[in-house]
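Engineer: Here you go, one structure.
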Amino acid sequence: MTTRRLIVALTFVAAAGRAFAEDGKAPAPGSPIVFSDDSRLGKPYAKDPSVVKFRGAYWMYYSLPGMKAGPQGFALGWSIGVAKSDDLKSWKKVGEILPEQEVERNGICAPGARVVGDRLHLFYQTYGNGARDAICHAVSEDGVHFDRDKSNPVFHPTGAWSVGRAIDAELFEWKGKYFLYYATRDPEMKIQMLGVATSAGPDSFGSGGWTDLSVDGPLLKPELPWEGKCIEAASLCTRDGKVFMFYAGAFNNAPQQIGVAVSDDAVHFQRLSDKPFLPNGPPGSWNSSESGHPGVFVDDDGSTYLFYQGNDTKGKTWSLARLRVEWKDGKPVPAAE
């Protein structure tokens, strides 16, 4: 990390992340909002949550917006924030992951964290490169400091149905095999869809170690009216021998809402419903503009939580919320806290 980037990181880390309502005030009692970050723009702005348990604590990785002029007067692109919690409710910002490699020059975001063995692996996308954005990889021993994969970017799709872009990475282990879910677009850059690739394991997470299983077509594409022209942000968990995928339907603030699909093999999925699992809120609610970009987390005791982003400002602010998920008749249902 350059001296200039280090100064910026320390400056931003000094401003602790907090939970906010969309008017900038603390959320009302009972609000699902658990975290946001005003360090970049002076207003709540945190997106794309990914939560894991690592070394006895809970860790949240999220997207931080870019800004034209930082504290030292120079531009800073999209980056990744790091927050820590002891209870999944109260979160404190503890770090930032700033662009370092040349491929990251324009920014990085949309982290997907997964613990493999005794290390935390982070897959994330480059930002600001249009059709050339791709998936990168880094590893950490402590949850805050990450070593970049020297082969970055490690993956982009090659099928003719895709423009070759890859974003919204999610690593998932199933029956000894590692799956990397990604979002991409059609060659006209109009329709967002999901694909998946596989790897033999951590030693093959670098460039050249992934086999794209979606060469001939998408894993899932928008088909329902509420999904609009976009399906993205796959986040997965297992239950009773099945794989459940929470995904975002429609582009941001269209409104984006969250759906669920199920699979027996982690490759072929069927929607559980033609309605959203978690819709945007009614007018006047904190998430009236959207409930989007899910990040599912299963705790050691089997408790399931869905973290997601929302706002009521058409994207001028963003906060992160938590929903407890119950399982009834083998299917997930939203639950009261």
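Engineer: Below 8 Å, C-alpha to C-alpha, sequence gap of six or more: please give me the relative contact order for segment 28-162 in percent.
Structural biologist: Relative contact order for segment 28-162 comes out at 16 percent.
Engineer: Starting from the 7 Å offset along Cα-to-Cβ, what nm value, one decimal, do you get for the label separation of Ser303 and Lys89?
Structural biologist: A separation of 0.9 nm, rounded to one decimal place.
Engineer: Now for a separate question. Roll a 1.4 angstrom probe over the protein heavy atoms and tell me the percent of accessible area of segment 78-232 that is carbon or sulfur. Provide the component values of the computation, followed by the final result.
Structural biologist: Working: 2910 of 6290 Å².
Ligands and nucleic acids excluded, carbon and sulfur reach 46 percent.
Engineer: Using just the helices of the chain, give the 222 nm mean residue ellipticity in deg cm²/dmol: DSSP H runs with n ≥ 4 each add -39,500 (n - 2.57), and the total is spread over all residues, rounded to 500. Please list the in-between numbers first.
Structural biologist: Values: 1 runs with 11 residues, N = 337.
Helices in the chain give a 222 nm mean residue ellipticity of -1000 deg cm²/dmol.
Engineer: I would also like to ask the following. In µm²/s, what is D for segment 147-248 at 4 °C and 1.567 mPa s, where D = kT/(6 pi eta Rh) by Stokes-Einstein and Rh is the Kirkwood radius from Cα pairs?
Structural biologist: Numbers: Rh = 14.1 Å.
Answer, rounded: 92 µm²/s.
Engineer: Where Lys and Arg each count +1 and Asp and Glu each count -1, what net charge lies around Leu272 among other residues with Cβ under 13 Å from its Cβ? Mind dumping the intermediate values first?
Structural biologist: Working: positive: Arg239, Lys242, Arg271, Lys275, Lys328, Lys331; negative: Asp274, Asp329.
With Lys, Arg at +1 and Asp, Glu at -1, the net is +4.
Engineer: Next up: Count charges around Gln125 for me, please; just the other residues with Cβ under 12 Å from its Cβ, Lys/Arg as +1, Asp/Glu as -1. Show your work: numbers first, answer last.
Structural biologist: On the way: positive: Arg132, Arg165; negative: Asp48, Glu104, Asp133, Asp168, Glu170, Glu232.
Once all neighbours under 12 Å are counted, the net charge is -4.
Engineer: Go through (1) 4, 16, 17, 12, 10, 8, 6, 5, 5, 4, 3, 3, 3, 2, 1, 1, 0; (2) 6, 28, 38, 24, 4, 0; (3) 5, 19, 31, 27, 13, 5, 1, 0 and flag the label whose value is the computed P(r) over Cα pairs in 10 Å bins from 0, in percent for this structure.
Structural biologist: Computed from these coordinates, P(r) over Cα pairs in 10 Å bins from 0, in percent corresponds to label (2).
Engineer: Give me the net charge for the shell around Thr238: Cβ to Cβ below 14 angstrom, other residues only, Lys and Arg +1, Asp and Glu -1.
Structural biologist: Details: positive: Arg114, Lys175, Lys177, Arg239, Lys242, Lys331; negative: Glu170, Glu173, Asp240, Asp264, Asp265, Asp299.
Net local charge, Thr238 excluded: 0.
Engineer: Let me ask you something else. Between Asp329 and Glu173, how many nm apart are label points set 7 Å from Cα along the C-beta direction?
Structural biologist: Simple spin-label model gives 3.4 nm for this pair.
Engineer: Could you pull out every residue, at least 5 positions away or on a different chain, whose amide H is within less than 5 Å of the one on Glu290? Hs are placed 1.01 Å off N in the peptide plane, and Pro or chain starts have none.
Structural biologist: Gly281, Asn311
Engineer: Rolling a 1.4 angstrom probe over the protein heavy atoms, how many square angstrom per residue are accessible across the chain? All intermediate terms of the calculation are to be shown ahead of the outcome.
Structural biologist: Numbers: 13920 Å² over 337 residues.
Averaged over the residues of the chain, the accessible area is 41 Å².
Engineer: Sticking with this structure for a sec: Let me know the charge dipole size of the chain about its Cα centre in debye, to the nearest 20, where only the beta-carbon of Lys, Arg (+1) and Asp, Glu (-1) is charged.
Structural biologist: On the way: 37 positive and 40 negative charges, 159 e Å.
With only Lys, Arg, Asp and Glu charged at Cβ, the dipole is about 760 debye.
Engineer: Sticking with this one: To two decimal places, what compactness ratio does segment 196-337 give when its Cα radius of gyration is scaled by 2.2 N^0.38 Å?
Structural biologist: Values: Rg = 15.9 Å, N = 142, 2.2 N^0.38 = 14.5 Å.
That ratio works out to 1.10.
Engineer: Going toward the positive end of the dipole of the chain, with +1 on Lys and Arg Cβ and -1 on Asp and Glu Cβ, which of Thr184, Ser289, Thr126 do you reach last?
Structural biologist: Of the listed residues, the answer is Ser289.
Engineer: Among Ser288, Ser31, Ser79, whose mean-square fluctuation peaks in a Gaussian network model of the chain (Cα, cutoff 10 Å)?
Structural biologist: Most flexible of the set in this elastic network: Ser31.
Engineer: Separate question: Just how far, in whole angstrom, is segment 76-110 from segment 209-277 if you go by their alpha carbon centroids?
Structural biologist: Each part reduced to its Cα centre gives a spacing of 25 Å.
Engineer: Considering only Gly143, Gly117, Gly130, give the residue with the highest GNM mean-square fluctuation for the chain, with springs between Cα atoms whenever their separation is below 10 Å.
Structural biologist: Maximum fluctuation in the GNM of the chain, among the listed residues, is at Gly117.
Engineer: Find, to one decimal place in angstroms, the Kirkwood hydrodynamic radius of segment 62-129, where the mean of 1/r is taken over every pair of different Cα atoms and then inverted. List each step's numbers first, then the result.
Structural biologist: Working: mean 1/r = 0.0757 Å⁻¹.
Evaluated on segment 62-129, it is 13.2 Å.
The values are calculated or read from the model by the stated rules, or taken from the named source; none is laboratory data. Everything numeric in this text was worked out from a predicted model, so none of it was measured. Here the Cβ is made from the backbone with ideal geometry for all residues, glycine too, and neighbour counts use every protein chain on show. Remember, those area values only see protein heavy atoms, side chains included, never the ligands or the DNA or RNA. Shrake-Rupley method; radii C 1.70, N 1.55, O 1.52, S 1.80 Å.
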